[in-house]
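The next block holds one structure in the form of structure tokens; read it before the comments.
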Amino acid sequence: MKSAYLFLAAAIVAEVIATSMLKASDGFTRMWPSVATVIGYGVSFYCLAQTLGSMPTGVVYAIWSGVGIVLISLIGWVVFKQSLDGPALAGMGLIIAGVLVINLFSRSVAH
């Protein structure tokens, strides 16, 4: 189970990097950010597939997408100077709360 969380963390990091590079690729018009996007998504899906071998699909996807949303929103705010208003921050707080509830209280994770 511990290795599943390591693969899941790697999948999240790779997906966040790939999505950041997707923004930097300027619609796939810049070569190196475009290459980094494709490689990043490939690594992310490989790691995600490894995680699915020992954790339920719904739980993995909820964690992967939830944490990814929050991280990419923060990167958009810090790196790309995109704004985050109160409702966006509240929504991200709810996403974080949901991920915590899944990991701390759900019996599905122990599957």
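The values are calculated or read from the model by the stated rules, or taken from the named source; none is laboratory data. Owing to the predicted nature of the structure, the values given are computational and were not obtained by experimental measurement. Counting neighbours? That spans all protein chains shown, and the Cβs are built from the backbone with ideal geometry, glycine included.
Can you report the number of residues in segment 7-38 which are among the aliphatic types (A, V, I, L, M) and more than 22 Å from residue 74 (Cβ to Cβ)? Write out each step before concluding.
Taking segment 7-38 as the starting set, the residues that turn out to be among the aliphatic types (A, V, I, L, M) are 8-14, 16-18, 21-22, 24, 31, 35-36, 38.
If we keep only those that are more than 22 Å from residue 74 (Cβ to Cβ) too, we end up with 31, 35, 38.
So the count comes out to 3.
Listed by first and then second residue, the pairs with beta-carbon distance under 7 Å, at least 6 apart or on different chains, first residue in segment 63-82 and free of Cβ contacts under 8 Å to residues at least 40 places away in the same chain and surrounded by fewer than 16 Cβ atoms within 10 Å (Cβ to Cβ), second part of a helix (DSSP H, G or I) and not aliphatic (A, V, I, L, M), are 82/76.
The criterion of at least 3 residues that are of a type in the set (Phe, Trp, Tyr) is met, among helices (runs of 4 or more DSSP H) falling completely within the chain, by 31-51, 57-78.
Being surrounded by 13 or more Cβ atoms within 10 Å (Cβ to Cβ), at pLDDT below 95 and within 16 Å of residue 15 (Cβ to Cβ) narrows it down to one of 60, 43, so name that one. Before the answer, list the steps.
On the way: 43 fails: at pLDDT below 95.
Exactly one of 60, 43 is surrounded by 13 or more Cβ atoms within 10 Å (Cβ to Cβ), at pLDDT below 95 and within 16 Å of residue 15 (Cβ to Cβ), namely 60.
When residue 53 is tested against (1) surrounded by 11 or more Cβ atoms within 10 Å (Cβ to Cβ); (2) under 30 Å from residue 3 (Cβ atoms), just one condition goes unmet, and that condition is (1).
Close contacts from segment 9-29, counting a first residue that is more than 19 Å from residue 55 (Cα to Cα) and a second that is outside any helix (DSSP H, G or I) and among the aromatic types (Phe, Trp, Tyr), with Cβ to Cβ under 9 Å and a gap of 6+ residues or different chains, come to 20/80; 22/28; 23/80; 24/80.
Take residue 18 and decide whether it is under 13 Å from the mean Cα position of the chain (by Cα), aliphatic (A, V, I, L, M) and surrounded by 14 or more Cβ atoms within 10 Å (Cβ to Cβ). Here the answer is yes, as residue 18 does meet what is asked. Residues in segment 60-95 that are more than 12 Å from the chain's Cα centre (by Cα) and of a type in the set (Phe, Trp, Tyr): 77, 80.
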